[in-house]
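Peer 1: Sharing a structure below in structure tokens format, with a few things to ask.
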2 protein chains.
Amino acid sequence: MMDYSRLSPREVRRLIREGKITGPTSGMCLGYAQANLVSLPKALSYDFLLFTQRNPKACPVLEVSDAGSRALPYLAPDADIALDIPKYRVYKNGVMTGEYFKADQYWREDLVSFLIGCSFSFEDALLEAGVPVRHIEECRNVPMYNTSIPLVPAGVFHGNMVVSMRPVPRDLVVRAVTVTAAMPRVHGAPVHIGDPAAIGIQNINKPDYGDSVTIHPDEVPVFWPCGVTPQAVVMRVKPEFAITHAPGHMFITDIRNAHLKD
Amino acid sequence: MMDYSRLSPREVRRLIREGKITGPTSGMCLGYAQANLVSLPKALSYDFLLFTQRNPKACPVLEVSDAGSRALPYLAPDADIALDIPKYRVYKNGVMTGEYFKADQYWREDLVSFLIGCSFSFEDALLEAGVPVRHIEECRNVPMYNTSIPLVPAGVFHGNMVVSMRPVPRDLVVRAVTVTAAMPRVHGAPVHIGDPAAIGIQNINKPDYGDSVTIHPDEVPVFWPCGVTPQAVVMRVKPEFAITHAPGHMFITDIRNAHLKD
């Protein structure tokens, strides 16, 4: 397997567009932010933008395209959001109709694209700060859980927060909070520390999405708002049409994670 | 003159609604955030919400009402945004048609209210951190300037940033940055330190809004994004209808400034 960690975002997006990269983007372009994609018809976009404004921890928006535009002048001026993600999902009336390497043939003139921050960014920062990230050590997907934490509704959108969990050694919990709190544009500080039941999680070993990971006796489960939240909320209302990235196949931006602290 | 600094926001809003307070709100309810108001017809609200998302330093949104609703469940659950500000301005086609103590008779079912963070909040924090705030010392309004700093356009909205200026002693500039950077929801860190000409300000002694203040020889002018920006941008497009607060007559929220650091 090729190592894409030292390539620039522009180089990796070119390889994606040429069909030479079609897999998950984890570990590519170290130091650069990756983003979740939700593209919705303009008719739904006001409610969704308001939902993200009311729930910034679960839905930290990095950029919103103009309606009908495939350009992202802030995140990546030379990118085409319909071509530069390795794998897309297309949904009709809330049902996935297929996964595709390119989305241009499905694009519509009324689509608004929401690029939403991803916890990959703060995992880099945790590792640099000496906080272990268990699912990376164990080569698994991060465990994610539905919770009882209500989101603030906006128009047709409503639901509860989805969280990701990382076990943190007791003596590093404070550092894990301060490191991630400094990055509010990629979910920021944890929403809960310690007691899964307090946020409606019945069994920490049975995540609702992703994989379970080992929690050692001297470790505390720490829960962060998760980028799955906005997709779960959108799909719940069964939008007439939507395009998203496929899980793990993210949009790689030109923005350095370190700049997300501004 | 009565001292309203120790009253609760709920008490002061009641006095405002009863017509017993009709003046500027500066210094009232110490420790609680005050907010700017821009109410626009729903037809303009998507573009404006997108504009605030793209320009969060100049337009830090604290809450957006539902269309037609006068309630603000997050900022002040018992408030009525059409009654609880001491003085309103009503605009038709971008021209102010009057100032009023109540806005309920002008309210429309299609209005969306945007409550935007105000630098009053970080001035409290600066004073507590030992950073002098000159216009408060000199009992003037803060000096504000049009700049050459472009904002990111969204739909019909575009323009340059308006900034406020506070002279800071050289040895306190770093502290002024760190204190305000911790409060991104009320404009956050400065946009410029030191050279007015670098951001298009020709004469520091002739502000475009507010009053000029003394700058001592050992002080540096520090410039922050200003809440006048969103109002200036809105009025530039001459919206068919708009309601705003009158300058200095803010909405007093139930949210403590200290909680704006979350």
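Peer 1: Filter segment B:175-199 for residues that are hydrophobic (A, V, I, L, M, F, W, C) and farther than 20 Å from A:Ala181 by Cβ and give the result.
Peer 2: Passing the criteria: B:Ala176, B:Val191, B:Ile193, B:Ala197, B:Ala198, B:Ile199.
Peer 1: Of B:Ile199, B:Ile193, B:Ile252, which residue is among the aliphatic types (A, V, I, L, M), surrounded by fewer than 22 Cβ atoms within 10 Å (Cβ to Cβ) and in contact with a Ser or Thr (Cβ under 7 Å, 6 or more places away or on another chain)? It would help to see each step written out before you state the result.
Peer 2: Values: B:Ile193 fails: in contact with a Ser or Thr (Cβ under 7 Å, 6 or more places away or on another chain); B:Ile252 fails: surrounded by fewer than 22 Cβ atoms within 10 Å (Cβ to Cβ).
Matching residue, one of B:Ile199, B:Ile193, B:Ile252: B:Ile199.
Peer 1: Continuing with the same structure: Would you call B:Glu99 part of a strand (DSSP E or B) and more than 12 Å from chain A (Cβ to nearest Cβ)?
Peer 2: The answer is yes for B:Glu99.
Peer 1: Only one residue in B:Pro190, B:Pro247 is modelled with pLDDT of 95 or more and either of a type in the set (Phe, Trp, Tyr) or within 28 Å of B:Glu128 (Cβ to Cβ) (or both), so which one is that?
Peer 2: Matching residue, one of B:Pro190, B:Pro247: B:Pro190.
Peer 1: Provide a single number: the residues in segment A:226-244 that are over 10 Å from the mean Cα position of the chain (by Cα) and either outside any loop (DSSP other than H, G, I, E, B) or among the β-branched types (Val, Ile, Thr) (or both).
Peer 2: Residues in segment A:226-244 being over 10 Å from the mean Cα position of the chain (by Cα) and either outside any loop (DSSP other than H, G, I, E, B) or among the β-branched types (Val, Ile, Thr) (or both): 10 in total.
Peer 1: Among the residues of segment B:96-112, are any among the polar types (S, T, N, Q) and either touching a Lys or Arg at 6+ places or on another chain (Cβ under 7 Å) or within 22 Å of A:Pro153 (Cβ to Cβ) (or both)?
Peer 2: Checking segment B:96-112: not a single residue is among the polar types (S, T, N, Q) and either touching a Lys or Arg at 6+ places or on another chain (Cβ under 7 Å) or within 22 Å of A:Pro153 (Cβ to Cβ) (or both).
Peer 1: So in segment B:50-91, with the set limited to residues that are aliphatic (A, V, I, L, M) and more than 18 Å from the chain's Cα centre (by Cα), which one is farthest from the other protein chains (Cβ to nearest Cβ)?
Peer 2: B:Leu83
Peer 1: Could you look through segment B:142-185, keep only residues that are crowded, with 19+ Cβ neighbours inside 10 Å and over 20 Å from the mean Cα position of the chain (by Cα), and pick out the one that is farthest from the other protein chains (Cβ to nearest Cβ)?
Peer 2: Step by step, filter segment B:142-185, then rank; the result is B:Val168.
Peer 1: Another question about this same structure. Mind counting the residues in segment A:69-93 that are loosely packed, with under 14 Cβ neighbours inside 10 Å and in contact with a Lys or Arg (Cβ under 8 Å, 6 or more places away or on another chain)?
Peer 2: 2
Peer 1: Can you tell me which residues in segment B:92-128 are under 19 Å from the mean Cα position of the chain (by Cα) and of a type in the set (S, T, N, Q)?
Peer 2: B:Ser113, B:Ser119, B:Ser121
Peer 1: Hey, could you check segment A:30-49 for residues that are part of a helix (DSSP H, G or I) and more than 10 Å from chain B (Cβ to nearest Cβ) and say which is surrounded by the fewest Cβ atoms within 10 Å (Cβ to Cβ)?
Peer 2: Here the answer is A:Ala43.
Peer 1: While we're here: How many residues does segment B:22-51 contain that are among the β-branched types (Val, Ile, Thr) and closer than 17 Å to B:Arg236 by Cα?
Peer 2: Of the residues in segment B:22-51, 1 are among the β-branched types (Val, Ile, Thr) and closer than 17 Å to B:Arg236 by Cα.
Peer 1: Closer than 29 Å to B:Thr52 by Cβ, acidic (Asp, Glu) and part of a strand (DSSP E or B) - does that describe any residue in segment A:59-71?
Peer 2: Scanning segment A:59-71, I find at least one residue that is closer than 29 Å to B:Thr52 by Cβ, acidic (Asp, Glu) and part of a strand (DSSP E or B), so the answer is yes.
Peer 1: Follow-up question, since we're still on this one. State all residues of segment B:77-127 that are of a type in the set (Val, Ile, Thr) and at pLDDT 95 or above; if no residue qualifies, say none.
Peer 2: Scanning segment B:77-127 gives B:Ile81, B:Ile85, B:Val90, B:Thr97, B:Val112, B:Ile116.
Peer 1: So for segment B:33-56 (the condition being out of contact with any Leu (no Cβ under 9 Å at 6 or more places or on another chain) and farther than 30 Å from A:Arg185 by Cα), does at least one residue qualify?
Peer 2: No.
Peer 1: Please specify each residue of segment A:188-206 satisfying the condition of being within 14 Å of another protein chain (Cβ to nearest Cβ) and on the phi > 0 side of the Ramachandran plot.
Peer 2: Within segment A:188-206, just A:Gly188 meets the criteria.
Peer 1: With respect to A:Pro207, is the statement that it is crowded, with 20+ Cβ neighbours inside 10 Å, closer than 15 Å to A:Val163 by Cα and within 15 Å of the chain's Cα centre (by Cα) true?
Peer 2: no
The values are calculated or read from the model by the stated rules, or taken from the named source; none is laboratory data. Note that this is a predicted model, so its numbers are computed, not measured. Cβ atoms come from the backbone with ideal geometry, glycine included; neighbour counts cover every protein chain shown.
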